[in-house]
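Worksheet: one structure, shown below.
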Amino acid sequence: MMKYGAEHIEHKFTLSFTESEIRGQWRDVFLAIHPEDGEEFPADLIEPSILVICNLEGEIVQVVLHDEGCDCEFQFTFSEKVKIESYVQQLRY
């Protein structure tokens with residue numbers, strides 16, 4: 001996770017499914033994100049979570065990092081996004 005325009009820093013984390021809902025032509029998948037042992041997220045992130053927007057066929061359209069339930073100034077690195085997408089594709093929601 002990194003602030004937009006900042007240097008790429010990879011973080012190690014685990015994910016857990018929280019909920020899924022259909023919104024018109026989209027399925028929103030909400031995930032909790034947990035730092036692995038010994039890992040710390042950026043201090044500016046208070047309560048990070050993830051929104052993954054998929055079409056109804058399950059194809060991922062967008063991965064959004066939220067803080068306290070809202071869009072924030074942080075984004076995922078490429079490899080972090082790949083990890084999240086792989087997790088979502090294995091879900092049976």
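The values are calculated or read from the model by the stated rules, or taken from the named source; none is laboratory data. The structure presented is a predicted model; accordingly, all values stated were derived computationally and were not measured. All Cβ positions, even for glycine, are placed from backbone atoms using ideal geometry, and neighbour counts span all protein chains on display. Quick note on the areas: whole protein, heavy atoms, side chains included, nothing else; ligands and nucleic acids left out. Shrake-Rupley method; radii C 1.70, N 1.55, O 1.52, S 1.80 Å.
Axis angle, to the nearest 10 degrees, between helix 78-90 and the longest C-alpha principal axis of the chain: 30 degrees. Using a 1.4 angstrom probe on heavy atoms only, work out the carbon and sulfur share of the accessible area of the chain in %. Carbon-and-sulfur percentage of accessible area, whole number: 47.
Between Asp28 and Lys12, with labels modelled 7 Å along Cα→Cβ, what's the label distance in nm to one decimal, could you check? So the label points at Asp28 and Lys12 sit 3.3 nm apart. When the square roots of the Cα gyration tensor eigenvalues are ordered a ≥ b ≥ c, the ratio a/c for the chain is 1.5 or more and a/b exceeds b/c, which makes its shape prolate. Near Arg27: Cβ cut-off under 15 Å, other residues only, Lys/Arg at +1 and Asp/Glu at -1. The net charge is -4.
Under the criterion of Cα pairs below 8 Å and six or more residues apart, the relative contact order for the chain equals 28 percent.
Comparing Gln75, Gln25, Gln62 in a Gaussian network model of the chain where C-alpha atoms under 10 Å apart are linked, the largest mean-square fluctuation is found at Gln25.
Within the shell of other residues whose beta carbon sits under 15 angstrom from the beta carbon of Lys81, the net charge comes to -2, with Lys and Arg scored +1 and Asp and Glu -1. Remark: region 65-74, residue by residue, has Karplus-estimated 3J(HN,Hα) of 8, 10, 10, 6, x, 10, 3, 9, 7, 9 Hz, where x stands for each Gly or Pro and the curve is 6.51 cos²θ - 1.76 cosθ + 1.60 at θ = phi - 60°.
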